[in-house]
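Structure, as structure tokens:
A short reminder: the numbers here are calculations on the coordinates, not readings from a lab. Please read these numbers as outputs of a predicted model, since none were measured by experiment. A quick note on method: Cβ atoms are made from the backbone with ideal geometry, for glycine too, and the neighbour counts reach across all protein chains shown.
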Amino acid sequence: MAFEAHYSRGRLLRLLPIDLIFAAVGLWFVTDPDIAADPGRRLEGLAALTGLTPASVVTIIGVLAILLGLAGSVYYLRLLFHRGPAIRSDAQGIFWHRWSASPIPWSNIAGIKDYSIQRQRMVGITLVDPNLSRGHGLLGRPGRFNAATGFGHVSLMTQGTDRDHDELLAALAEFAPR
């Protein structure tokens with residue numbers, strides 16, 4: 001039986017406020033004159049290093065926080081309204097919504113590696129020919145760099161889904177050609 005993981009609305013709704021708070025803190029940095037007037041030693045050091053005024057550094061940090069917070073919010077909102085599986089593993093191959101619109105066939109998978117970074121567990125998939133299973137969006141761009149560092153072209157994660165990492169590993173072991 002095929003393995004499918006769907007985006008978990010509950011998990012995504014817990015992540016969404018974090019991004020909104022991040023954007024709100026950025027807005028606070030940009031609009032509160034007291035922060036710019038007394039940025040603290042760390043920001044004064046950063047200002048000296050960059051040649052900017054402390055107030056400019058506070059504004060830049062605030063704008064970046066707003067942009068990142070809003071981008072993250074839009075990202076999670078898009079996932080909330082996604083229909084269909086986020087991840088699917090079956091006899092045809094591995095499908096990951098965030099990687100590509102089509103599955104990666106088993107014939108194009110050279111290896112699968114389980115690893116973690118900062119307690120975030122991932123499955124690294126090394127491709128035989130990366131051109132046959134190109135990723136789209138931001139995840140598709142670092143594929144060759146990831147492979148060169150030993151993590152595989154695709155780093156598959158169950159974060160934000162209704163299934164866990166161990167279930168994914170079991171499904172990959174079941175369907176991967178021997």
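Our note on the geometry: Cα centres of the range 1-76 and the range 151-178, 31 Å apart. With helices as the sole contributors, the chain gives -15000 deg cm²/dmol at 222 nm; each DSSP H run of n ≥ 4 counts as -39500 (n - 2.57), and the sum is divided by every residue. The value of relative contact order for the range 21-140, using C-alpha pairs under 8 Å at least six residues apart, is 18 percent.
Please compute the net charge surrounding Leu70, taking Lys and Arg as +1 and Asp and Glu as -1 over other residues with Cβ under 13 Å from its Cβ.
My count for the surroundings of Leu70 gives 0.
Only Lys, Arg, Asp and Glu carry charge here, each on its Cβ (+1 for the first two, -1 for the last two); on that basis the chain has a dipole of about 320 debye about its Cα centre. Taking amide H as placed 1.01 Å from N in the peptide plane, the amide H of Asp114 sits under 5 Å from that of Gly124, each at least 5 places away or on another chain. Remark: the range 7-80 carries a charge dipole of roughly 500 debye about the Cα centre, counting +1 on each Lys and Arg Cβ and -1 on each Asp and Glu Cβ.
Label 7 Å along Cα→Cβ of Ala148; the range 115-129 residues with amide nitrogen under 20 Å? Once the point is set 7 Å along Cα→Cβ of Ala148, 124-129 turn out to lie under 20 Å by backbone N, inside the range 115-129.
Only helices reaching 27 angstrom along their own axis (Cα) with mean Kyte-Doolittle hydropathy no lower than 0.5 count here, and for the DSSP H runs of the chain these are 9-31, 54-80.
Taking amide H positions as modeled 1.01 Å from N, with prolines and chain starts lacking one, no residue 5 or more places away or on another chain lies under 5 Å from Trp99. At the listed q of 0.09, 0.15 Å⁻¹, the Debye profile of the chain, built from one uniform point per Cα, gives log10 I(q)/I(0) equal to -0.45, -0.90.
Label the range 87-175 by shape, choosing from rounded, prolate and oblate, from the square roots a ≥ b ≥ c of the eigenvalues of the Cα gyration tensor; if a/c is under 1.5 it is rounded, and otherwise prolate applies when a/b is larger than b/c, oblate when it is not. Since a/c stays below 1.5, the shape of the range 87-175 is classed as rounded.
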